[in-house]
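Scroll down for the structure; my scribbles are underneath it.
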Amino acid sequence: MTSTLTWASLSTLSVFIPGAFIAYALARHRFPGKKLISTVVTLPMVLPPTAVGYLLLSLLADEGWLGREHLGFSLDILLTWKGVVLACAVMSTPLVIRTARVSFEEVNPRYEAMAHTLGYGRLQTFFRITLPLAWRGLLAAAVLGFTRAMGEFGATVIVAGNIPGRTQTLSSAIYSAQQAGNDQQANFLLVVALAIGFMAVFLTEWLADSTHKPSRRAS
Amino acid sequence: MTPARLSFDLEVPLDRFALKISHHCEHQILGLFGVSGSGKTTCLEAIAGLRSSAKGKIQLGDEAWLDSERGIHVPCHRRDIGYVPQEMLLFPHYDVTRNLRAGRERAQMNGVDFQQTFEAVTEILELGPLLHRRTRDLSGGERQRVALGRALCSGPKLLLLDEPLAALDQRLRQRILPFLLRIRESFQLPILIVSHHPVELQALCDEVLVLKEGAVIAQGQPQSVFSRPDVFNLAESQGFENLLRGTIAQHYGQTTALKLADGQHLIVPRSERPEGQSLLVGIAAHEILLAGERPRALSARNCLRARIATLQQTEDLVLVSTQLDTSDRARIVAEVTPDAARELGLTAGGDIFLVMKANSVRLYE
């Protein structure tokens with residue numbers, strides 16, 4: 001169980017920071033290939049998770065583009081905990097980027113213009129104005145990314161397998177317990193999943209509640 | 001040290017027309033007047049560096065901010081401007097003090113003693129009681145003062161004000177205008193004010209450009225610009241008033257006597273200021289009656305002797321521009337119908353009496 005939490009956290013961390021920057025670029029800038037990037041990072045959301053898992057497996061297999069034969073060494077990801085983190089990260093990317101993008105888009109760009117007139121360069125403006133004004137949405141993006149990672153199953157079992165004690169996650173453990181007819185174990189895991197899910201969604205609801213957040217639009 | 005002068009020669013494409021404007025400021029304060037959609041905010045934003053489509057030249061003193069031919073485009077954050085946008089844009093995640101300190105680093109980089117400026121601005125704009133308030137708890141007038149204070153604290157070399165009084169109701173306008181006048185006196189900064197409100201431009205500016213659909217249709221000293229027939233129609237629809245400055249001579253029960261530059265007294269609604277202080281008042285052109293000789297037994301409290309400087313015919317009105325004394329400052333414009341002008345036998349150079357009720361005079365204090 002703790003390993004699932006650790007893996008989901010690692011996955012969230014690895015997606016969140018680059019994801020936030022991509023989301024910012026998508027929200028604020030116009031550049032060639034923007035629609036293409038936006039589409040590619042959304043794909044894992046619309047594809048069957050098993051398809052994404054199979055794609056990762058093909059890339060990482062010995063003869064794949066990221067495999068031993070191409071790179072000259074093995075990344076040693078398949079059937080390890082690293083595979084779990086990778087599968088979770090890829091599957092939660094769309095949710096993280098889309099949520100973060102909306103939270104950046106909700107920040108009135110005139111505040112950023114105002115900051116420029118006070119002598120703030122781009123980085124200063126981002127860290128002092130944009131980020132603090134978008135933080136609630138960004139935190140919600142991280143929470144949603146985390147819960148998506150917690151619940152990941154399809155891509156994970158293909159890339160990392162379902163090896164008890166090594167790559168088994170909460171969701172694959174529920175699957176195994178149910179398949180083996182171990183109702184007691186399955187029920188226990190269900191309660192754990194419910195508790196984590198409830199807390200996460202409740203937190204995002206709280207974050208989205210407008211009664212305790214400073215207005216970002218009106219001045 | 002005389003402050004640097006602003007000059008610009010700009011072309012900015014807009015949806016319906018292109019803004020074309022060129023000017024070299026000779027004075028401290030330049031006003032841009034025009035109805036909404038005339039391109040004045042665009043001009044201000046181009047000077048601020050917030051319009052990347054602007055082409056041409058912008059120069060402050062000997063610093064070039066934009067020179068398209070030479071490929072110079074100084075980004076907004078290096079232009080050293082103090083900007084007060086119409087929506088004020090106080091940072092919602094900062095309290096008032098942090099908003100005021102937002103431009104501290106730039107100010108210090110420009111060699112400004114920040115603490116001293118901060119204290120001076122706090123005093124002039126009376127921000128002391130607001131310093132620890134959250135911005136969302138401020139009233140409209142308070143926000144305006146904080147936005148002005150933030151711009152002034154950031155060590156700007158040019159102040160850009162976009163409709164500083166537009167978001168405020170009449171009562172607040174009358175209260176903010178004196179703060180702007182104080183800024184004008186206390187900081188020797190070049191200022192560009194954009195407004196569709198003739199009163200604030202008359203009160204604050206040394207020079208006004210009138211914009212219509214992206215082109216300058218008139219320019220010059222505010223009082224003479226606003227009394228031009230083509231501009232007057234535009235100005236009056238936006239609330240043109242004659243502005244007069246006088247010294248408080250005496251208070252009565254409900255009125256105050258104001259001594260004007262030429263020595264005549266004007267009775268105005270009661271002012272809270274002590275005797276001897278200077279006061280700015282306004283009166284609309286259509287509130288003034290003209291008389292060929294001094295009327296007797298009159299309910300209106302004021303009857304000022306003036307000399308007609310010019311008569312100008314608009315479509316359905318005659319604008320009578322009068323002077324109280326020989327200086328051009330105390331100019332009062334009244335409007336009459338062409339019939340009335342004919343009957344009174346008005347001619348330039350002739351004497352006239354201006355009749356107005358005390359209650360039709362507005363105080364700006």
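The values are calculated or read from the model by the stated rules, or taken from the named source; none is laboratory data. Owing to the predicted nature of the structure, the values given are computational and were not obtained by experimental measurement. Ideal geometry is used to build each Cβ from the backbone, glycine not excepted, and the neighbour counts take in all protein chains shown.
Quick notes
- Taken over the stretch B:150-192, the criterion of being of a type in the set (D, E, K, R) and within 14 Å of another protein chain (Cβ to nearest Cβ) is satisfied by B:150, B:157, B:162, B:163.
- Residue list for the stretch B:345-364, filter: of a type outside the set (Val, Ile, Thr) and crowded, with 16+ Cβ neighbours inside 10 Å: B:346, B:353, B:354, B:356, B:357, B:358, B:360, B:362, B:363, B:364
- Of residues in the stretch A:122-166 being over 19 Å from the mean Cα position of the chain (by Cα) and in contact (Cβ under 8 Å) with a residue 60 or more places away in the chain, the one surrounded by the most Cβ atoms within 10 Å (Cβ to Cβ): A:133
- Residue in the stretch A:94-106 that is within 30 Å of residue B:107 (Cα to Cα) and crowded, with 17+ Cβ neighbours inside 10 Å present: yes
For every residue, the table says whether it meets (1) at pLDDT 95 or above; (2) of a type outside the set (Gly, Ala, Ser); (3) out of contact with any strand residue (DSSP E or B) (no Cβ under 9 Å at 6 or more places or on another chain).
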position: A:114; (1), (2), (3): yes, yes, no
position: A:118; (1), (2), (3): yes, yes, no
position: A:124; (1), (2), (3): yes, yes, yes
position: A:130; (1), (2), (3): yes, yes, yes
position: A:136; (1), (2), (3): no, yes, yes
position: A:144; (1), (2), (3): no, yes, yes
position: A:150; (1), (2), (3): no, yes, yes
position: A:163; (1), (2), (3): no, yes, yes
position: A:166; (1), (2), (3): no, yes, yes
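- Residue ranges of helices (runs of 4 or more DSSP H) in the stretch A:79-196 with at least 2 members more than 14 Å from chain B (Cβ to nearest Cβ) and in contact with a helix residue (DSSP H, G or I) (Cβ under 6 Å, 6 or more places away or on another chain): A:81-105, A:131-151, A:154-160, A:170-179
- Residues that are within 14 Å of chain A (Cβ to nearest Cβ), under 24 Å from the mean Cα position of the chain (by Cα) and at pLDDT 95 or above number at least 3 in the following strands (runs of 3 or more DSSP E) confined to the stretch B:1-115: B:81-84.
- Some residue of the stretch B:189-210 being in a strand (DSSP E or B), more than 15 Å from the chain's Cα centre (by Cα) and crowded, with 21+ Cβ neighbours inside 10 Å: no
- The C-beta contact set for the stretch B:290-310 (first residue under 18 Å from residue B:321 (Cα atoms), second residue of a type in the set (S, T, N, Q), distance under 6 angstrom, 6+ apart or interchain) comprises B:304/B:264; B:306/B:322; B:307/B:323; B:308/B:322; B:309/B:321; B:309/B:323; B:310/B:321.
- For the stretch B:272-284, taking the residues that are more than 13 Å from residue B:178 (Cα to Cα) and touching a Lys or Arg at 6+ places or on another chain (Cβ under 9 Å), the one that is surrounded by the fewest Cβ atoms within 10 Å (Cβ to Cβ) is identified as B:284.
- Within the stretch B:115-137, the set of residues being surrounded by fewer than 19 Cβ atoms within 10 Å (Cβ to Cβ) and either touching a strand residue (DSSP E or B) at 6+ places or on another chain (Cβ under 9 Å) or of a type in the set (A, V, I, L, M) (or both) comprises B:120, B:124, B:131, B:132, B:133, B:134.
- Residues of the stretch B:228-255 classified as at pLDDT below 85 and acidic (Asp, Glu), total: 2
- Qualifying residue in the stretch B:262-271 (condition: in a loop (DSSP other than H, G, I, E, B), buried (at least 16 other Cβ atoms within 10 Å of the Cβ), over 22 Å from the mean Cα position of the chain (by Cα) and modelled with pLDDT of 90 or more): yes
- For the stretch A:2-52, a residue qualifies if it is in a loop (DSSP other than H, G, I, E, B) and either surrounded by 13 or more Cβ atoms within 10 Å (Cβ to Cβ) or of a type in the set (Lys, Arg) (or both), and the qualifying residues are A:30, A:47.
- Residue in the stretch B:301-324 that is in contact with a Cys (Cβ under 9 Å, 6 or more places away or on another chain) and farther than 18 Å from residue B:222 by Cβ present: no
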